[in-house]
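Working notes, beginning with the structure itself.
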Amino acid sequence: MLSQNIYSKLDKSSWIRAMFEEGAKLREIHGAENVYDFSLGNPDYEPPAEVKNAIKKYALGEYPGLHRYMSNAGHPDVREKIATVTAAESGLPVTQNHIIMTCGAAGGLNVVLKSILNPGDEVIVFSPYFVEYLFYIENSGGKPVPVPTDTRTFEPSLELLAKSITPKCKAIIINSPNNPTGVVYSEETLKRIAVLLEAKEAEFNSKILVISDEPYSKIIYDQVEVPNILKIFKHSAVVNSYSKSLALPGERVGYIAVNPGIADVDLFINGMLFCNRTLGFVNAPSFFQKVIGDSLDAIVNTDEYKKRRDFLYNNLIELGYSCIKPQGAFYLFPQSLIPDDIEFAKHALKYNLLIVPGSGFGCPGYFRLAYCVNFNSIKNSIPAFKALAKELKD
């Protein structure tokens, strides 16, 4: 019954979900308060008041046609609001015609990739990466090309990137703040990538689209600024969602913002509208588009995320773990205490610690912790991390 293509991918499917399911079993045995689940980037916060007020407004008010079809691009008034913000942040003449509402960032990425890829076209992803990127690329007949980052900083290696760009390269996916490292790529690094891409485009007489996946762009710490991709790369599109910034992962609403400087930009947008429809999304959820339109100035409390980051990071460092301190998102990506990160994750289960091995992100020897969980759970997990370290270091 199952296709060979899908069957072959099941073993490679997400470690994140696998550990999350393992957590459900452990909670039944030991009780939820005794299981420390850092597996899934599923915010434990409720949405901000602005979101809840907008939900009440549209649910209880009279808004004829709210639940009907609209343009595949989404509600014009919502797109106009997002375009206004995008134009102000980028300094570019972005209008509502450059915005497409999508079923989350995942839907947006699939729409962009389906629109641009021919069979065998290559898409570069920087490892560690969000593993679903590989499947999104393959969904559209493309070939993922993982390029390791510099593990001293987890920023892209220009040398390795230059060697990886071939005439078949159609796109590069950038994810900053990054999942799983929390690293924010510096403006200097991104500008150097832009220069490299211009040279490669001239060499191969091609166009390489930079696709920036930005669900964590509003969750940043320590006065760090996230460089604006549309400013830096002419051939670029930003894919964003409100899953993390407004704690709405289950509502599946996001958008694509296209650089107006792209050649044949209208044709590109029309292609994405076609794909938004024919991939089965049709349009982003109508109700929540309106809710988002009223909530663009809202954001979850990043001070609370910072509190969790600092507590977990400081305690792990004190226990002898090695980790780059994240500048954004809500993940830590420490080194495994033994070379085999998958075996390390299995050891952690003995202490009811649910962690995701770095191999699941294309970066063996590390593990990811999602600290968007209850603070008490983080505090209570420290003895387990201590016991795990003692076992593997002694």
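Against the numbered list (1) loosely packed, with under 15 Cβ neighbours inside 10 Å; (2) among the hydrophobic types (A, V, I, L, M, F, W, C); (3) not in a helix (DSSP H, G or I), residue 267 comes up short only at (3). Among residues belonging to segment 87-144 that are of a type in the set (Gly, Ala, Ser) and touching a Leu at 6+ places or on another chain (Cβ under 7 Å), point out the one that is surrounded by the most Cβ atoms within 10 Å (Cβ to Cβ). The selected residue is 142.
Number of residues in segment 302-336 that are hydroxyl-bearing (Ser, Thr, Tyr), part of a helix (DSSP H, G or I) and crowded, with 18+ Cβ neighbours inside 10 Å: the value is 2. Just to be sure, is residue 294 free of Cβ contacts under 8 Å to residues at least 12 places away in the same chain and surrounded by fewer than 20 Cβ atoms within 10 Å (Cβ to Cβ)? Here the answer is no, as residue 294 does not meet what is asked. Listed by position, the strands (runs of 3 or more DSSP E) enclosed by segment 78-179 that each have at least 2 residues that are closer than 23 Å to residue 330 by Cβ and not hydroxyl-bearing (Ser, Thr, Tyr) are 122-127, 169-174. Taken over segment 337-352, the residue count meeting the criterion of being in contact (Cβ under 8 Å) with a residue 24 or more places away in the chain and assigned to a helix (DSSP H, G or I) is 6. Restricting attention to segment 228-241, does a residue exist that is outside any loop (DSSP other than H, G, I, E, B), among the charged types (D, E, K, R) and over 16 Å from the mean Cα position of the chain (by Cα)? Yes. Every condition in (1) surrounded by fewer than 23 Cβ atoms within 10 Å (Cβ to Cβ); (2) touching a strand residue (DSSP E or B) at 6+ places or on another chain (Cβ under 8 Å); (3) under 22 Å from residue 79 (Cβ atoms); (4) charged (D, E, K, R) is met by residue 200 except one, and the failing one is (3).
Taking residue 155, is it at pLDDT 95 or above, charged (D, E, K, R) and touching a helix residue (DSSP H, G or I) at 6+ places or on another chain (Cβ under 6 Å)? When the stated conditions are applied, residue 155 passes them. Taking the condition under 14 Å from the mean Cα position of the chain (by Cα) and of a type in the set (Val, Ile, Thr), does residue 224 pass? No, not satisfied.
The values are calculated or read from the model by the stated rules, or taken from the named source; none is laboratory data. Worth saying up front: this structure is predicted, and the values here are computed from it rather than measured. In this analysis, Cβ positions are derived from the backbone assuming ideal geometry, glycine residues included, and neighbour counts consider all displayed protein chains.
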